[in-house]
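The values are calculated or read from the model by the stated rules, or taken from the named source; none is laboratory data. All values derive from a computational prediction rather than experimental measurement. Note that we place each Cβ from the backbone using ideal geometry, even for glycine, and neighbour counts take in every protein chain shown. The accessibility values were calculated without ligands, DNA or RNA, using every heavy atom of the protein model including side chains. Shrake-Rupley method; radii C 1.70, N 1.55, O 1.52, S 1.80 Å.
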Amino acid sequence: MEPGALDYEYAPATEADRAEVRQALATYFYPEEPLTLAHRDGPFVTEDDMENALSFLAQGTTILARTAANGELVGVSIGGPSAHEITTRKLADIVAFLEMLDVRAYGFARSSSAYHVYALAVHPAHRAHSIGRRLMEEQIALVRARWPAFAAVTVETTGPGSGRLMGRIGMRETGRLSFADYRDAAGDQVFLGAGEVVAWEMKL
């Protein structure tokens, strides 16, 4: 058994968890999410981005990690099929960037035959306890149980640690796109700095 596995409990979230999930995303996901931080409009999370993430609660595809001792929410993974409701330039730019990464990775925008994991976040005080790995494994198990028609699970990573995790659980890299290589129609850089996003896939 993985170190620390007995200290945490994993279960799908419900609408009753909305406030807690919002707080977790606002506290330790978006403040470290490079596409959010590097965008030309500023490092804040937009309301349409947050609401898109919370919309997965209704699908039952948000998985929570809680401490077994007191039920503290210390990890979140969000996945599933989704249509973005976009009302800001910032979210439109993020979605367009990821669509270009899809084209690099697969030759076309992401197919409906793939189940996508949109967010994976672990509280800083609880990292290095295999919580991220278990949250990904729970997402994969959910797909296999509820949506056997999906051909693959896909995810993007923005750092070496998350990339190593995806490799360890059996995903393969399918493409990558740097901030410097992505420009808008006017030729302006949309995401500032030297970041890079890597696409991964696991065939089911």
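Scanning the range 84-107 for residues that are in contact (Cβ under 8 Å) with a residue 60 or more places away in the chain and hydroxyl-bearing (Ser, Thr, Tyr) yields one hit, TYR106.
May I ask you to verify whether PHE150 is touching a Phe, Trp or Tyr at 6+ places or on another chain (Cβ under 6 Å), of a type outside the set (Gly, Ala, Ser) and in a helix (DSSP H, G or I)? Spelling it out, it is not the case that PHE150 is touching a Phe, Trp or Tyr at 6+ places or on another chain (Cβ under 6 Å), of a type outside the set (Gly, Ala, Ser) and in a helix (DSSP H, G or I). With respect to the conditions (1) open to solvent by 20 Å² or more (accessible area, probe 1.4 Å); (2) more than 20 Å from VAL122 (Cα to Cα); (3) in a loop (DSSP other than H, G, I, E, B), PHE44 lacks only one, and its number is (2).
Among the candidates ALA105, ALA26, ALA92, the residue that is assigned to a helix (DSSP H, G or I), open to solvent by 10 Å² or more (accessible area, probe 1.4 Å), among the hydrophobic types (A, V, I, L, M, F, W, C) and within 18 Å of GLY132 (Cα to Cα) is uniquely ALA26.
For the range 72-88, residues that are out of contact with any Ser or Thr (no Cβ under 9 Å at 6 or more places or on another chain), open to solvent by 10 Å² or more (accessible area, probe 1.4 Å) and modelled with pLDDT of 95 or more total 1.
Which of the residues belonging to the range 108-125 are in contact (Cβ under 8 Å) with a residue 60 or more places away in the chain, out of contact with any Gly (no Cβ under 7 Å at 6 or more places or on another chain) and open to solvent by less than 50 Å² (accessible area, probe 1.4 Å)? Result: ALA114, ALA119.
Looking across the range 158-176, the residues that are within 16 Å of ARG104 (Cβ to Cβ) and touching a Phe, Trp or Tyr at 6+ places or on another chain (Cβ under 7 Å) come down to ARG172, GLU173, THR174. Going through (1) open to solvent by 30 Å² or more (accessible area, probe 1.4 Å); (2) under 24 Å from PHE56 (Cα atoms); (3) charged (D, E, K, R); (4) in contact with a strand residue (DSSP E or B) (Cβ under 6 Å, 6 or more places away or on another chain) one by one, ARG176 falls short only on (2).
With respect to VAL143, is the statement that it is part of a strand (DSSP E or B), under 16 Å from the mean Cα position of the chain (by Cα) and not small (Gly, Ala, Ser) true? Against the criterion (part of a strand (DSSP E or B), under 16 Å from the mean Cα position of the chain (by Cα) and not small (Gly, Ala, Ser)), VAL143 does not qualify.
Could we say that THR27 is at pLDDT 95 or above and closer than 27 Å to VAL198 by Cα here? So THR27 passes the test.
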